[in-house]
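Contents: one structure, followed by commentary.
The values are calculated or read from the model by the stated rules, or taken from the named source; none is laboratory data. The model shown is predicted, which means the values in this text are computed figures rather than measured ones. In this analysis, Cβ positions are derived from the backbone assuming ideal geometry, glycine residues included, and neighbour counts consider all displayed protein chains. Accessible surface is based on the protein model in full, side chains and every heavy atom, while ligands, DNA and RNA are left aside. Shrake-Rupley method; radii C 1.70, N 1.55, O 1.52, S 1.80 Å.
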Amino acid sequence: MNVPVIGRNQDIDVLIVEDSPTQIAHLSYLLEEEGYAVRTTTNGRQALAAIRSRMPTIIISDIMMPEMDGYTLCRAIKADATLKNVPVILVTDLNSPQDVVMGLECCADNFITKPYDPQFLLARITQSLLNKALRSPHSRDAPVQIELAGSRYTISAERHQILDLLIPTYEEAVRLNQKLKEQQQELALEVQERTAANERLVAEMAERKRAEEALRKSEEQTRTILNLANEAYIAMDSDGVIRDWNRAAEVTFGWPREDILGKPLVESVIPPRYREAHTRGVQHFLKTGEGPVLNKRIEIEALHKDGHELPVELSITPIRLAERFIFCAFLHDITERKQAERELRTRTEQLEAANKELEAFSYSVSHDLRAPLRHINGFADLLQRHVTSMLDEKGRRYLGTISDSVRQMGLLIDDLLTFSRMGRTQLHFTEVNLEELVRQVMDDLKPEMEERRIAWTVGALPNVSGDRAMLRQVLVNLLGNAVKYTRPCKQARIEIGCTDGSGETVIFVRDNGVGFDMQYAHKLFGVFQRLHGATEFEGTGIGLALVQRIIHRHGGRIWAESAVDKGATFYCSLPAQVSGGEEAMATHELKRRKNG
Amino acid sequence: MANLKRILLAEDNPKDVELTLTALDEHKLANEVVVVHNGAEALDYLYRRGKFSAREVGNPAVVLLDIKMPKVDGLEVLRMVKADPDLKSIPMVVLTSSREERDLARSYSQGVNAYVVKPVEFQEFIKAVSSLGIFWALVNEPPPRSAGKMKEPRSHSQP
């Protein structure tokens, strides 16, 4: 067998048959790059003419062309004995089995499927040229009849031609199959990804829906709570526009929520005289973060829809939302409180005036009432001296009665003044040693105890916080009473002691004296109230009223237990911390008002 | 006895004057008691002006001063006396019905020498007043400057 010799590519004359100029340009470029000599024609008829004028080495032909298509051209070449050995490569879409059969029928030597790979195209050309060289000019198979899709075809192509046609067809099929598989895999992958993404999306949407639902519920809850609140709630953004307005705000200011939302705050609830200051304050806060009225309770006047002003107590808190501020204000109408405050102030002033009058009154009692009394006493005494020899027993008794009455009235005035003073005088709190105070008072009472048999029992007494002079007054009265009302006893017993209650100290003074009937206990501490006759036991009826007043001013209580002829026990309690006493609080209140 | 200095009694109520004089008399004090009926008269006496412009020179041994008096009250007299370098050494005794704290406080803050509340009981009143008289007029040694020294009327205090 002769080894086929293929010359250099420039000796190979390639005839391109193609009606598309871009395809011609593309193919020509490809082949010329490889060094082939290239001729071009645009249809089968031109191609036949070109072939007859000069025999090409190989023909590459398109199929669909005007005037004469590729199949007809190929059949004409293969039918011509002088031309039949020139290999014809058909460029086909290879869309259907008919394409293959038509190719075989027209005895094409090879196929190239569109779109073609340049390397694949060049390999086909080389292969076709090789086959041409190897081909025996004598071998010839009988034509074969085949039926395809209802048409009959006579295939006279030679075996090598069929192989050449089938192999690229199969190759193409395998290639396409492979590509298809890859595409399927890619598709499957894509489908998988898409599915996963889809699922994610669905999950996200569900989550978002849940979140939105939760948010909606939360907002609904917040709105319900805000609407239930007694406090009016107003939210304003940093442009001064009202963003929220609850039901209490509707009631307080008369503006329905839907009418006020979106309106500037400064033009609705802020009285004209405060508007400039309000705007300046907001600007200042946004610039510096300083707001002297923020985050604290302030009292100010606000404007109702109907134009009247109302005092409100409010607190404003700025909340940062993203890059903006929302100013939240809670407030309530304090008209009633203000009214009450005004009334309280008026009443306090009236009370203070009344107190002053009372003071003036007691001063005048102290000075003016005592003077005539002293005169009566003095002149009665002088009269007695003057006429003593002229008076009989009766006359002396009259004068004595005058003196006694004057003395009694003097005591009464003195006690009344002490009582009044105890109510007015400021308390001076110090630590008071009760035991020592009791000893001192017992010493003071010595004159009253002359010729008396009294057994004293003084228990351990604590130090208390209180006004020493006033507590002394308390002891003088309680111990004095114990001494006085045990006078009929042959052996008097007086006991002073202390019991520690919860948060208070309770002092008691117990005697075995005449006692009193408990049904009159409520009268014990009243001014001028006496449970014994003046002839029985002397007294002005002021002592226990005074004791009660002092104990009350110390924040304590006083009470008594007794039975007729069974003695009496008086208890007074003092708070452990006197700062809790009403007097202390009143003093504090007074100071606060003075300072404010 | 001519050397005994006077006692000045400033008291607007004639009954009190009588009782006070009786009380002072009880111990037979030989000092002359000059009675004035209000603060203005008391100051006239001390400054030797008005109806007292002709009085003999010299500060009293003691001034017994009621607080509540017409025109110028006792506390005002006390304040002026204690503010005057020539008068402030005179013993000033407030003799009053008032036991009010503020009267006490004001009296002491203005330099009163004694504060006596007139007792209602006449016997006690006698005791109190007479012991006052004895103490200030007889027992107490007056400051050297005022002893027997004559006080000249001062031109600037003339009305």
Could you please state, rounded to a whole Å, how far the C-alpha centre of segment A:174-188 is from the C-alpha centre of segment B:76-140?
132 Å
Neighbourhood net charge (14 Å Cβ-Cβ; Lys/Arg +1, Asp/Glu -1) for A:Leu437:
-3
Pull up all non-local amide H partners of A:Val38: gap of 5 or more, or a different chain, and H-to-H distance under 5 Å with H placed in the peptide plane.
A:Val14
The FRET efficiency for A:Leu286 and A:Gln350, from their Cβ-Cβ distance with R0 = 51 Å and rounded to 0.05, is 0.55
With contacts defined as alpha carbon pairs under 8 Å and 6 or more residues apart, what's the relative contact order of chain A in percent?
6 percent
With runs of 4+ DSSP H residues as the only contributors, calculate the mean residue ellipticity of chain A at 222 nm using -39,500 (n - 2.57) per run, divided by the residue total and rounded to the nearest 500.
-16500 deg cm²/dmol
State, to one decimal in nm, how far the label point of A:Arg175 lies from the label point of B:Leu138, with both points 7 Å from Cα in the Cβ direction.
15.9 nm
Shielding score for B:14-21, defined as the mean number of other chain Cβ atoms within 10 Å
3
Which whole number gives the average count of other chain Cβ atoms within 10 Å of the Cβ atoms across peptide A:367-377?
6
Along the Cα→Cβ direction, 7 angstrom out, place labels at A:Arg320 and A:Glu32. What is the inter-label distance in nm?
7.3 nm
Write out the cysteines belonging to the protein assembly as shown for which the nearest other cysteine Cβ is not under 4.7 Å, or none if no such cysteine exists.
A:Cys107, A:Cys328, A:Cys489, A:Cys498, A:Cys572
Separation between Cα centres of segment A:56-122 and segment A:279-319, rounded to whole Å:
94 Å
Per residue accessible area in Å² of segment A:215-306, where ligands, DNA and RNA are left out and the probe is 1.4 Å:
61 Å²
Given charges at beta-carbon only (K, R positive; D, E negative), |dipole| of chain B in Debye
580 debye
Which semi-axis lengths, in whole Å and largest first, follow from the square roots of five times the eigenvalues of the Cα gyration tensor of chain A?
139, 29, 19
Restricting to Cα pairs below 8 Å that are 6+ residues apart, what does the relative contact order work out to for segment A:229-332? Please round to a whole percent.
30 percent
For segment B:1-66 and segment A:366-422, compute the distance between their C-alpha centroids and round to whole Å.
27 Å
For the residue pair A:Glu359 and A:Leu189, what label-to-label distance in nm results when each label sits 7 Å from Cα along the Cα-to-beta-carbon direction?
10.2 nm
If you take the beta carbon distance between A:Glu431 and B:Glu26 as r and set R0 to 51 Å, what does 1/(1 + (r/R0)^6) give as a FRET efficiency, to the nearest 0.05?
0.60
Let me see the pair-distance distribution of segment B:1-59: every alpha carbon pair, 10 Å bin width, integer percents in order.
22, 48, 29, 1
Order these peptides, A:537-548, B:76-87, B:56-67, by their mean beta-carbon neighbour count within 10 angstrom, highest first.
B:56-67, A:537-548, B:76-87
If you take the square roots of the eigenvalues of the alpha-carbon gyration tensor of segment A:481-571 and sort them as a ≥ b ≥ c, do you get rounded (a/c under 1.5), prolate (a/b over b/c) or oblate?
oblate
Hull volume in cubic angstrom per residue (convex hull over the Cα atoms of segment A:143-286)
280 Å³
Give me the summed buried accessible area for the B-A pair, 1.4 Å probe, to the nearest 100 Å².
2200 Å²
